[in-house]
Amino acid sequence: MVLSERLPLVRKIRTAVLALLLCAQAGSGFSVADQQEGTCEANGSVYFVGEWYFLDSDHCTQCECTAEGSACSRTECTSLPAACIHVSHYPTDCCPRCEKIGCEYRGVVYELGQNFQPSECEQCTCDSDGIARCLVADCAPPRCVNPVYQPGKCCPECQEGPNCYADASRSKVIPAGQPIWVDSCTKCRCHDGQDAGYWEGNRLATCSRLKNCTPEQPSAQKN
């Protein structure tokens, strides 16, 4: 028989015993009022001095029946583990229970010690403290102005090879490696990737223009 089924039976027996004692003591000269001073009423039951019980309305509050009445105190729940990701509250329990320990990362739950890759650029581990710790790939700056991200790969790739913008308008892209005539008067050269700091920011070509030159039509540009 489970505890929840035994409680009503125990209360009925306790009440019956109290009734017999009251009758016996009443015949011996003790009044009902005198006996009631040595009992406590709670949870719909009568308790004798020295008995302990939990309140039905609050399973965290335990009381002792004393000659002065019920003396109650509330149980303080211990902290749940930091790695607890699933907590249950049962009606008969005072404190919540931790049902599962692990890591939750971006809405996904992982087991303690599990290694996982949430994206192409991340490698993560669910540590014993319930925190997912990740390493993010450090991609080198691409040597082009139009890199492409391939499925399953973290870092972008330059499918057309190294290149740069011909000028600040960023409307024309020229390949790196050798000077390029962008018109009949202007020759530009992309940085070849050896120039310090270039690929981290400035992606414009270095250009020189012929003096007193008027650009010709594109079909007549120099080779």
**Study point:** Potential lengthening between L112 and H86 on full extension [0.36 nm per residue; Cα-Cα distance subtracted]
**Key:** 8.0 nm
Check your understanding: Pulled fully out, how much extra length does the chain show between A137 and C154, if you take 0.36 nm times their separation in residues and subtract their Cα-Cα distance?
Key -> 5.4 nm
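For D167 and N212, what does the FRET efficiency come to when R0 = 25 Å and r is the distance between their Cβ atoms, rounded to the nearest 0.05? Mind dumping the intermediate values first?
Working: r = 20 Å, r/R0 = 0.81.
Once rounded, the FRET efficiency stands at 0.80.
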**Study point:** Inter-part distance where the stretch 145-166 and the stretch 55-86 are each reduced to a Cα centre, Å
**Key:** 63
Point to revise | Segment Q123-E99, length gained on full extension (0.36 nm per residue, minus Cα span) | key: 5.9 nm
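None of the figures in this text is laboratory data; all of them are computed from the coordinates on show. Please read all numbers here as calculations on a predicted model, not as lab measurements. Neighbour counts are summed over all protein chains in view; Cβ atoms, including those assigned to glycine, are modelled from backbone coordinates with ideal geometry.
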